[in-house]
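**Q** What follows is a structure written as structure tokens; I'll ask about it next.
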């Protein structure tokens with residue numbers, strides 16, 4: 001018989017995470033923990049489950065958000081308003097390493113799942129609470145959704161056109177909070193390895209976005225004017241953004257380019273615009289001046305690009321060593337040759353069959369990321385409760401008691 005190769009150990013093998021999660025922030029955190037090998041038990045409402053399951057039906061009848069964020073997880077259906085379900089959760093936490101939750105403000109504490117209460121029973125447990133504004137302060141009890149936090153954090157003030165602010169096309173505030181929750185849980189586990197004690201992590205969406213807004217905040221330091229909204233162009237470096245070419249139409253005829261220093265500016269004038277004298281034009285001989293006179297410089301660039309195709313412009317940019325990119329759409333990203341060349345795609349199971357999924361960023365020489373299926377609601381309930389020592393009769397009684405109609 002041929003020898004079988006044992007799977008390589010992953011960084012979080014043996015770690016159990018229980019998550020009271022919905023939408024994006026907490027599921028993004030826990031999916032990344034699961035990618036590294038953690039066992040993630042996702043507690044869902046019986047019947048309907050995580051409400052993100054119903055956002056759309058774009059992935060063979062399933063939600064795009066849910067498919068993205070919930071591979072590798074086990075679904076445990078519990079109606080936590082019922083004492084028997086709460087008892088099951090407490091039993092599970094007794095075997096867990098991490099609890100992550102992003103319920104409504106105060107909901108976890110009202111169920112006896114606040115950090116102080118849990119710390120007495122489970123001193124090694126890491127508890128991560130994700131909320132809009134944090135565990136205290138005057139905004140503590142305000143509801144918070146991604147777009148609201150984008151607005152509250154000033155993101156909309158620097159994004160869009162001069163006439164109209166625009167939100168991010170992705171849930172950037174949720175993703176920021178999920179990333180800080182993920183890294184904070186990792187750091188808490190490292191600390192527990194040294195002290196033997198768990199800890200509390202309080203992640204605020206506003207504070208996560210505040211960190212990401214560091215550049216525009218400092219740009220507007222001490223009452224200075226903030227960065228202007230400049231569409232897809234950079235707010236303070238020019239030329240840096242999209243430029244139309246003359247022989248193609250639509251986005252396929254737009255080239256994105258960026259200059260970072262004076263050496264590149266001179267090379268751009270000589271090699272791309274084919275006008276070396278332009279580099280010394282007093283309107284454009286520093287980034288500050290180019291930024292001040294961007295409308296005049298834009299007219300010069302578009303006048304030259306208007307005689308060329310996008311392919312010709314890109315060829316000149318590449319030959320001159322000027323950074324550039326295509327203006328890709330989602331179909332382009334699915335088919336991106338670089339992702340294919342680096343073998344970044346895998347198949348992941350879902351209730352509707354296999355779908356392609358990108359491997360997590362970060363190619364490791366030491367282990368392979370976990371890429372297991374997306375669960376149906378309550379798919380693992382019976383198996384998890386049996387692990388806790390529940391009898392088949394007790395499991396059946398709980399599941400019959402938690403019909404979708406009763407849980408709604």
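**Q** Residue 358 to residue 218: extension gain in nm, 0.36 nm per residue of separation minus the Cα-Cα distance?
**A** 46.9 nm
**Q** Among 227, 138, 105, which one shows the biggest mean-square fluctuation in a GNM of the chain, springs joining Cα atoms closer than 10 Å?
**A** Most flexible of the set in this elastic network: 138.
**Q** Rounded to the nearest 500, what is the 222 nm mean residue ellipticity of the chain from helices alone, with -39500 (n - 2.57) per DSSP H run of 4+ residues and division by all residues?
**A** Numbers: 18 runs with 150 residues, N = 408.
Helix contribution divided over all residues of the chain: -10000 deg cm²/dmol.
**Q** How long is the gain from residue 263 to residue 56 if the chain were fully straight, where each residue apart is worth 0.36 nm and the alpha carbon distance is subtracted?
**A** Stretched fully, the residue 263-residue 56 segment lengthens by 69.7 nm.
**Q** I want the antiparallel fraction of DSSP beta bridges within the chain, as a percent rounded to 5.
**A** On the way: 15 of 38 bridges.
Antiparallel bridges: around 40 percent, rounded to the nearest 5.
**Q** Still on this structure, please answer the following. Using 0.36 nm per residue of separation minus the Cα-Cα distance, give me the extension gain between residue 95 and residue 344 in nm, one decimal.
**A** Gain in length upon complete extension: 86.2 nm.
**Q** Right, next: Compute the long axis of helix 392-401 from its Cα atoms, compare it with the longest principal axis of the Cα atoms of the chain, and write down the angle in degrees, 0 to 90, nearest 10.
**A** 60 degrees
**Q** Would you give the gap between the C-alpha center of the stretch 339-408 and the C-alpha center of the stretch 161-215, rounded to a whole Å?
**A** 24 Å
**Q** Determine how many Å³ per residue the convex hull of the Cα atoms of the stretch 326-408 encloses.
**A** Per residue, the Cα convex hull of the stretch 326-408 comes to 168 Å³.
**Q** Here is a follow-up. Consider the candidate values (i) 20.5, 63; (ii) 23.2, 83; (iii) 25.9, 86; state which one is Rg and Dmax of the Cα atoms in Å computed from the structure displayed.
**A** Checking each listed value against the structure points to (iii).
**Q** What distance in nm separates the two pseudo spin-label positions at residue 135 and residue 325, each 7 Å out from Cα along the beta-carbon direction?
**A** A separation of 3.8 nm, rounded to one decimal place.
**Q** Per Stokes-Einstein, at 4 °C and 1.567 mPa s, what whole-number D in µm² s⁻¹ belongs to the stretch 240-327, with the Kirkwood radius over Cα pairs as the hydrodynamic radius? Walk me through the numbers on the way to the answer.
**A** Working: Rh = 12.9 Å.
Translational diffusion coefficient: 101 µm²/s.
**Q** Roughly how many Å is it from the Cα centre of the stretch 2-62 to that of the stretch 222-287, as a whole number?
**A** If you average the Cα positions of each part, the centres end up 43 Å apart.
**Q** With a ≥ b ≥ c the root eigenvalues of the C-alpha gyration tensor of the stretch 1-145, is it rounded (a/c under 1.5), prolate (a/b larger than b/c) or oblate?
**A** Details: a/c = 1.76, a/b = 1.26, b/c = 1.40.
Taking the square roots of the gyration eigenvalues as a ≥ b ≥ c, the stretch 1-145 is oblate.
**Q** What list do you get for 8, 53 if you sort them by fewest beta carbons within 10 Å?
**A** Numbers: 8 12, 53 20.
With the sparsest Cβ surroundings first, the list reads 8, 53.
**Q** With the crude spin-label approximation of a point 7 Å out along Cα→Cβ, what separation in nm comes out for residue 16 versus residue 147?
**A** It is 4.1 nm.
Read-outs: derived from the displayed coordinates by stated rules, not from any lab. This one's a predicted model, so the numbers in the text were calculated from it and none came from an experiment. Note: ideal-geometry Cβ built from the backbone for every residue, glycine included; neighbour counts use all protein chains shown.
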